[in-house]
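Worksheet: the structure to be examined is printed underneath.
Derivation of every value follows stated rules applied to the coordinates shown; laboratory data play no part. None of the values given here were measured: they were computed from a predicted structure. When we count neighbours, we look across all protein chains shown, and the Cβ atoms used for this are built from the backbone with ideal geometry, even at glycine.
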Amino acid sequence: MMKRKNLTGKKAITVLLSTAILATLLSGCGKEEAAASVVVDEAATEEVVTDETVATEEVTEAVSEAAESTGPYYDSGSDVESIVIDAAEKGKVGNWGLGNEYEVQALLSKYGQDTAYLSQAFDMDGFDDDSISLASAMTYNELGLIKNDYEGGYGYADTVSFIDMNEEGVAMLEDNLFCNAAFAEENPNTVKAFIYASMKGWEYACANPEEAAEIVYKYGSSVSAQHQAYMAGEVKKLVETDTKGVAVSEYGKMDEEAMQQTLDLAKTYIKLDDSAAADKLASLTLDEIRSTSYWEEAMASEGELGAPEKAEVSIQLKWLPQAQFMGYYVALDKGYYDEVGLKVNIVSGGGDIGETTAVYSGQVDFGVTWVSNLIAANAGGMDLLEIAQVYQRSGLVLVYKLNQ
Amino acid sequence: MKKKISALKNKYESTIVWLIGFLVIWEIGAYIVEGTKRSPENVLPHIYQIVGSVFRTELVNGSQTLFQIVLSNMGITLFRALIGYLIGAAAGYLLAMLMNLFRPLEKMIFPYLMLIQMIPILGMAPIVLAVTKDIDKSRIIIAAILTFYPVATNTLAGLKAVGPQRVELMHSLAAGQIEIYKKLLIPSSLPYVFTGLKISAPMAITASILVDTLQGGGGLGCILSQSLKHATSIYIFWQIVLFSAVIGIASYYGISLIERIVNPAMKKRGSV
Amino acid sequence: MGKKNPYRKERILSILYPAGFALVLLISWQTQILHKILGTDTFTLPLPIRILTIMMDNSSDILTDVAATLIVALTGLLLGSVLGYLLAVLATALPRWGMGGLNMASAFSAVPIIAIAPIMTNLTKDVSDDPNIRSMVAKILVVMLTCTVSMSTNAYRGFIELKPFSKDLMKSYAAGSWTIFEKLRIPNCMPYIFTALKVSVPASIISALVSEYFAEYIIGVGRQIRENIVLAQYATAWAYIITACLMGIVMYGCLMLAETIMLKGRRT
């Protein structure tokens, strides 16, 4: 059957093949981008003496000058439209997908671009190595990692700038508090007590972000203390400012207009293959995804809410334990939950079994999710109910490098 | 005897040479990456950097160093892997017995055993979670589901490898069904069972790491994905890569060791 | 004609039994008896008819994803198997050095795919400017690694575990080691190759699915499963899960067919 070959020939093939594979693996890393990385390196070592802190207002002012490119990245002061169009045409807009992409798609549509994007890992390596030039980042997390140089950070400092979804009018509301609609109906006192104590926790956390960060760290978060502190400061801004930049003093308030904008954008950009779910999504109203009554009654009370029907409850976070959720940790640490007669267990998230599934299956009682995820879940057949809106504006930005 | 020992020594020698070769290639790669990438530790760090990170003493979260975090989470994962493995192995063994006893059952479900392996755990997980209402129980059950197949198939093959003549002979000696299993089938299928056990031991560990990532809580998979998300040092990820290879191999040799302890006794009993 | 052939009866039974089981399963699934047994609901485990409707409605999209996943799985399977086979040849020709290689290969297999996939994605960043191509290379490398191990260990056993005295017989004919290899070891190895493939084929699909979770370019059955599970679109996710299972069944069926043809006339 087989032709006569000598054995050494076969050995040679083995060696060749394995080296070829290794070579492909390694050579790739050496090629290309030598020039680009040199530029970046210089930028990083220069320590940026100029005081050009690129405020978002400057960027979004849309100074439509015919920007003459002086490097591989974008000039500070270039208008948003030109950046979005350039990155989209190169196919270098990144997002994590998995339900986080709708605002980015809305932005791409706003500037007449196709809604395709690159899948961004949950790190900023793709942005770092220039395979993504317009990368998604949360102000309180990834943006901090990009700018700062503590462990896990990339140390870009002020050599990057970003596009803010709120200012572009495509903001969708994020971290909220929800439970099963049936659970809320059966345990109204528990729900109100939980809202009351949690919002008290948020109020304290926003008044004392440094202390809140330390509390989260104390509860075993493996996010570094420095990044935790940065995060707490940024989260405070999202909780206390709305999409228009106006200060909000009522923690957990469900702003009608912002909720409606979120629902409208969700209906446009959530694409469901299941025709039954798609029909449900198209007809979904705000009343089917949220109820303001629990929050209103909880906030109107002075913590006197009657005995909770269920005293031991758990809450599933949307992500890893970190200052993003500091309000709940503070409420736990300061005994606010005890005061209203609740024993609370905080369950961390970040896996593929999302918070919606965990709440729906009855594994936990409450959850923190993004409004768009809740909308998709209800369209799919869950019956979840938002009971408080903690983040008042979108924390999502698209970050890009600046020419130096 | 002497020859055997020297052969054994050679085996280890060559493994060491391969290992060194691999490390050299890794280091060359790491050197290239270091020269061209802005954050080389995310792509391919030097081996000494990974080893060095094991000995770092500063605290990474509230109370633990990098290595302590990896160790404590490894404990959680290995514990779940062990329980999942035991359940999976027992289920696989029993299923093989049942299939051997009732041939129609074998015909009916054997093709589907392979299929169960093909269902992505992400599909299984919500169902298991809905049944158990507890993520840790779900993790153990899924790890068991992912590991029972090699034990089941190998045990069945072992039971079948006993020729019909020998079973006939036992029958002619007026031995009952239980007697036949006890004296003949179970002992002589043992090497096959161990083959299955050896294959599924490392699988139980990788499966356990995989199911860790389904949700938060503890476990190597959890801190692995946290590390990939840069929520903590990237060296946690690299440590897990190294350690998972080591534990996987160790589990294989661990079962081999048990086999060597169990088998001599079995041989005596098996030769009826 | 009409004569009862026991062998044929056996064959018919071996098709009838699983088919019957499938039928019972499907009926109890559609009538929600299965849901009662498992204690779950039609949201978590959607009904077959709904899954089927989604599959029909989106058949062209699903086919695109199937094609992407199959290319990765098959290329990885092929490369991994060839590499594993060559490693086994090396181990047989130079047992002293080859064994170490086999040990290294099994060490690789002990690293979970979820750790290997992100490494590969990072290492292949500069392979191509087209994210589709570089993601594909990364995914193929992951599948290749998982398939190398089962082939190398099984093929090695195939080369070594010869029939008693057959090697001595060959030697007595003054056959050189290459002749022994060609005439004895390679044919002896054939059934072992199929044993290896029976493990690798399902493994290649699963690792292709998982590697898609981490790939830069969004395509493939695995990625769709993850997107839909995370978004709580269980019916759609199940449409893709069933698709993945069908891919596995078809590939496994092809393998069985190839085995029957290739090993015809052999006693197994």
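Data for the structure
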{"quantity": "Stokes-Einstein D for region A:237-339, Kirkwood Rh over Cα pairs, 4 °C, 1.567 mPa s (µm²/s)", "calculated": "76 µm²/s"}
{"quantity": "Bridge type composition, the protein assembly as shown - antiparallel percent by DSSP, nearest 5", "calculated": "55 percent"}
{"quantity": "Under the Karplus curve 6.51 cos²θ - 1.76 cosθ + 1.60, θ = phi - 60°, whole-Hz ³J(HN,Hα) for region A:303-309, x wherever Gly or Pro sits", "calculated": "x, 8, 10, x, 5, x, 5"}
{"quantity": "Binned Cα-Cα distance frequencies in region C:110-202 - 10 Å width, integer %", "calculated": "15, 30, 22, 18, 12, 3"}
{"quantity": "Calculated from backbone phi, Karplus (6.51, -1.76, 1.60) coupling profile of region A:272-286 in Hz, x at Gly/Pro", "calculated": "10, 6, 7, 4, 4, 5, 5, 5, 4, 4, 4, 9, 5, 10, 4"}
{"quantity": "Cα-derived Rg to Rh of the protein assembly as shown, Kirkwood definition", "calculated": "0.99"}
{"quantity": "Spatially proximal aspartates and glutamates relative to B:K107 (Cα-Cα < 12 Å; intrachain offsets below 8 disregarded)", "calculated": "C:E10"}
{"quantity": "Proximal charge balance of A:S224 [Cβ under 14 Å; K/R count +1, D/E count -1]", "calculated": "-1"}
{"quantity": "Residue-wise HN-Hα coupling along region C:214-229, computed from phi with Karplus coefficients 6.51, -1.76, 1.60 (Hz; x: Gly, Pro)", "calculated": "9, 6, 6, 8, 7, 7, x, 4, x, 4, 5, 4, 5, 3, 6, 5"}
{"quantity": "Pairwise FRET efficiency - B:S63 versus B:L19, Cβ, R0 = 60 Å, nearest 0.05", "calculated": "0.95"}
{"quantity": "Qualifying trypsin sites (Lys or Arg not before Pro) in region C:168-268, DSSP loop, other Cβ atoms within 10 Å at most 12", "calculated": "C:K264, C:R266, C:R267"}
{"quantity": "Excluding exposed DSSP-loop chymotrypsin sites (Phe, Trp or Tyr not before Pro) (at most 12 other C-beta within 10 Å), longest clean stretch of chain B", "calculated": "B:103-272"}
{"quantity": "Degrees, to the nearest 10: B:235-270 long Cα axis against longest axis of chain B", "calculated": "20 degrees"}
{"quantity": "Ascending count of other beta-carbon atoms within 10 Å, so fewest first, for A:W319, A:W202, C:W178", "calculated": "C:W178, A:W319, A:W202"}
{"quantity": "For A:363-372, mean number of other protein chain Cβ atoms within 10 Å", "calculated": "1"}
{"quantity": "Burial ordering of B:C222, C:C147, C:C245, fewest other beta-carbon atoms within 10 Å first", "calculated": "C:C245, B:C222, C:C147"}
{"quantity": "Within chain B, helix-based [θ] at 222 nm, where runs of 4 or more DSSP H residues each add -39,500 (n - 2.57), nearest 500", "calculated": "-28000 deg cm²/dmol"}
{"quantity": "Cα-based convex hull, region C:69-262, per residue volume (Å³, whole number)", "calculated": "126 Å³"}
{"quantity": "Burial ordering of A:R290, B:R260, C:R96, fewest other beta-carbon atoms within 10 Å first", "calculated": "B:R260, C:R96, A:R290"}
{"quantity": "Fully extended contour minus Cα-Cα distance, from A:S275 to A:E81, at 0.36 nm per residue", "calculated": "66.4 nm"}
{"quantity": "Global size of region A:176-394 as Cα Rg and Dmax, reported in angstrom", "calculated": "16.6, 48"}
{"quantity": "Listed pairs C:K167/C:K198; A:K192/A:K310; A:K92/A:K244 exceeding 19 Å between Cα atoms", "calculated": "C:K167/C:K198; A:K92/A:K244"}
{"quantity": "All Cα pairs of region A:118-218, percent lying beyond 17 Å", "calculated": "69 percent"}
{"quantity": "For region B:67-270, convex hull volume per residue from C-alpha positions, Å³", "calculated": "121 Å³"}
{"quantity": "For region C:1-70, the spread of Cα positions along each principal axis, largest first, Å", "calculated": "49, 36, 18"}
{"quantity": "Spin-label pair C:L246/B:L71, simplified geometry with 7 Å Cα→Cβ offset, distance in nm", "calculated": "5.2 nm"}
{"quantity": "Label-point separation in nm, A:E296 to A:E211, each point 7 Å along Cα→Cβ", "calculated": "3.3 nm"}
